[in-house]
Amino acid sequence: MSIEDIKHDDASTVPARRRFLNSAALAGLAGAGLSVGLSACKQEASAPAGTPAAAPAAHGAGEYGKYEVPPGQLDEYYSFSSGGHSGEVRIYGMPSGRLFKRIPVFNMDCLVGWGITNESKAIIGTKPDGSLKYHTGDTHHVHQSYTDGMYDGKYMFVNDKIHGRLARIRMDTMETDKIIELPNIQGFHGTFPDKRDPVDEKINHTTRVFCGAEFSIPLPNDGNGMNDPTKYHSLFTCVDAESMEVRWQALIDGNCDLVATSFDGKLAATNQYNTEMGAHYQDMMSSERDACLFFNVARIEDAVKAGKTRTYGSSKVPVVDCTKAANQDPKTALTCYVPIPKNPHGVNASPDGKYFVCSGKLSPTATVIQLDLVLKWFDGDLKDARDAVVAEPEIGLGPLHTGFDNKGNAYTTLFLDSQIVKWNVEAAIQSFKGDKNAKVVVDRVDVQYQPGHGFTSMGETKAPDGKYFLSDNKFSKDRFLPVGPLHPETAQLIDISGDKMKVVADHAVYSEPHDSIIVKRDLIKTRQVYNLDDFPNAIKDPKESGVERKGNKVTVKMVSQAPAFSLPEFTVKKGDEVTIILTNLDKVEDLTHGFAIPKYDINFIVNPLETKSVTFKADKPGVYWCYCTNFCHALHLEMRSRMIVEK
């Protein structure tokens, strides 16, 4: 569908908001870009309170029932979603949309004692005085580890854009087990694990995680050269998936948006804006094209082994030069910059392993890049990197992210059009070759409103199932009961199993998810209880409970078994450094205990056969009732221990 087609849509079938957008679209794309979408929202916000929302595409009300999950039945899928500025990851069921769990990652959460217990502090990171290094986070992109092109249920990785951190979540416990901070970067936005080893063909599972830094900064960022644009660069980072140590970094031109990896492991890529290397908004818009930047991982790692690297500041991480100027000869180049329309948003791998698709954002197009042609460029057999582009269909206004089904179709979110567009990849390629009969756009459906990210069920694996598309929409002002100025966002579930897409559910979600993946439930195998032997400081028998003193350092060991703690009371002195070690010896699934101390800012839980500890200074004399915060038994209220702090 072209812009001309959009301008001539039948006014009777186009929502008023989209008619406003379409009238302003050309001016917006030429000038302020996405501000058009925001101004449209302001225009519509004057509608009187209680105005009913526009209905989704008409189909029988009875059809909605088949997307509900009755009491006692399980969802077909997990949906793992970033939490944005909450710093967490969320787990929903699909198609129900029920929220199951919020996984603390970069945020404090007293429910699980995250950032309060000694164990969680060791993961999240502390200053020398033991206080948290950061109290904020900004999770954007969540992706799971792979084996043979499929999710293997082992790890999930998520970024922190604010502080440049990468976290790993164990899928058997759904808890964060490792966090690292990447050196010399800011605005770490896109991340993606490899799907098989890029060097050893025998290893067909995830071994590396690639991380794209969005903001260019002076290198090193030590207060020198702050007004010299030639000193500003971004770094693309490779992290070992098992050790969670940085393997190498690549010095590049431009700002990274998202990251994608090929199914054969050979290529990683990031779509880029600001290849102009401008420091101000207007300077980032001058070029007609930016790039999708491809990394030849094996060549880069050969360069690292050969010592063709440098370091920045205090970091010892080897950095290879992957700038365009240093990689002119394709036969030795470490990177390939494929030109695409300026300021793109999103790069996604097709499940057949043949293509990467970049969305235009300010261009109403999607760019299809054929991966074997990129490899051909690296071999010196493709004259121009732009020749790796095999299609660039015009699909609508504000394209951002693309998912795929099992029939060769792509589904792209259109931010300005407030639509999801379904288009056929092979038809787009034929059209690009000149076939005027090729039907590229297959279908489109309105969503409410302004979709950002969008995802198909199992769409980032080699075997998408073509059942659902989830549209994460940034505005929902008339979809739910009003809850004040800050609205929830909408995750609209779309049935894509037929020829026509159907919006079948509105799921309210906390602000502000950026990314999700939809995973079949049978690929995830979780523990029911912990293993006592996994905790070196576990108290394995209530008889081991007690108080040990070494000078002014006191260790209190106790266990919880419903409905009591093993120590009904314990005594310390004012000024003591107290460490409480608590083991839950209950073996019953879902029988979790909590532990809180009033006035001492301590609150955490221990799951069955789990051990946690907390250290604090007993600086307030008196009696303090330690109590269970997680309902566990008919005598839950009586489950207490008394801390006596002597003067």
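Observations, loosely collected:
- Partners for K436 among aspartates and glutamates (Cα-Cα distance below 13 Å; same-chain residues under 8 apart left out): none
- Shape category assigned to segment 435-545 from the gyration tensor of Cα positions, a/c cut at 1.5: oblate
- On the principal axes of its alpha carbon atoms, segment 240-374 extends 43, 39, 31 Å, with the longest extent given first.
- The alpha-carbon of K500 sits under 17 angstrom from the alpha-carbons of these aspartates and glutamates, leaving out residues fewer than 8 places away in its chain: E63, D405, D443, D446, D465.
- In percent, rounded to a whole number, the relative contact order of segment 577-647 is 33, using alpha-carbon pairs under 8 Å and six or more apart.
- Per residue solvent-accessible surface (Å²) - the chain, probe of 1.4 Å: 42
- Pairwise FRET efficiency - A325 versus D381, Cβ, R0 = 22 Å, nearest 0.05: 0.45
- Shape call, segment 409-475: gyration tensor on alpha carbons, a/c limit 1.5: oblate
- Our coupling estimate for segment 93-110, obtained by passing each phi through the Karplus curve with A = 6.51, B = -1.76, C = 1.60 and θ = phi - 60°, is x, 10, x, 5, x, 6, 7, 9, 7, 10, 8, x, 10, 9, 10, 6, 7, 6 Hz, Gly and Pro reported as x.
- For the chain, carbon and sulfur atoms together expose 52% of the accessible surface, with a 1.4 angstrom probe and every protein chain in place.
- Of N406, Y624, T117, farthest towards positive along the dipole that unit charges on Lys, Arg, Asp, Glu beta carbons give the chain: Y624
- Pairwise Cα distances in the chain exceed 40 Å in 35 percent of cases.
- Seen from W377, the other residues with C-beta closer than 14 Å to its C-beta sum to a net charge of +1, counting Lys and Arg as +1 and Asp and Glu as -1.
- Which listed pairs, of K354/K520; K101/K587; K121/K540; K525/K599; K154/K361, have C-alpha distances above 29 Å, in listed order: K525/K599; K154/K361
- Local electrostatic count, Y468, Cβ distance below 12 Å [Lys/Arg +1, Asp/Glu -1]: -2
- Segment 529-647 - Debye-derived log10 I(q)/I(0), Cα point model, q = 0.14 Å⁻¹: -0.53
- Proximity of backbone amide H atoms, modeled 1.01 Å from N, is registered between F565 and R640 at under 5 Å, excluding neighbours fewer than 5 places apart on the same chain.
- In a simple Cβ point-charge model (Lys, Arg +1; Asp, Glu -1; nothing else charged), the chain has a dipole of about 1240 debye relative to its Cα centre.
- Given +1 at the Cβ of Lys and Arg, -1 at the Cβ of Asp and Glu and no other charges, the dipole of segment 257-393 around its Cα centre is 340 debye to the nearest 20.
- Shape box of segment 140-250 [Cα atoms, principal axes, largest first, Å]: 47, 31, 19
- Across the chain, the relative contact order, built from alpha-carbon pairs under 8 Å that are at least six residues apart, equals 10 percent.
- Amide H contacts for K195 (H built 1.01 Å from N in the peptide plane; partners 5 or more residues away or on another chain; cut-off under 5 Å): G265.
- Its DSSP H runs of at least 4 residues, each contributing -39,500 (n - 2.57), put the calculated 222 nm mean residue ellipticity of the chain at -2500 deg cm²/dmol, to the nearest 500.
- Contact order for segment 173-295, expressed relative to its length and based on alpha carbon pairs under 8 Å spaced 6+ residues apart, stands at 23 percent.
- Column: log10 I(q)/I(0), Debye, Cα scatterers of segment 58-161, q = 0.17 Å⁻¹: -0.90
The values are calculated or read from the model by the stated rules, or taken from the named source; none is laboratory data. Since this is a predicted model, take the numbers as computed values, not measurements. Counting neighbours? That spans all protein chains shown, and the Cβs are built from the backbone with ideal geometry, glycine included. Surface accessibility is based on the protein's heavy atoms, side chains included, excluding ligands, DNA and RNA. Shrake-Rupley method; radii C 1.70, N 1.55, O 1.52, S 1.80 Å.
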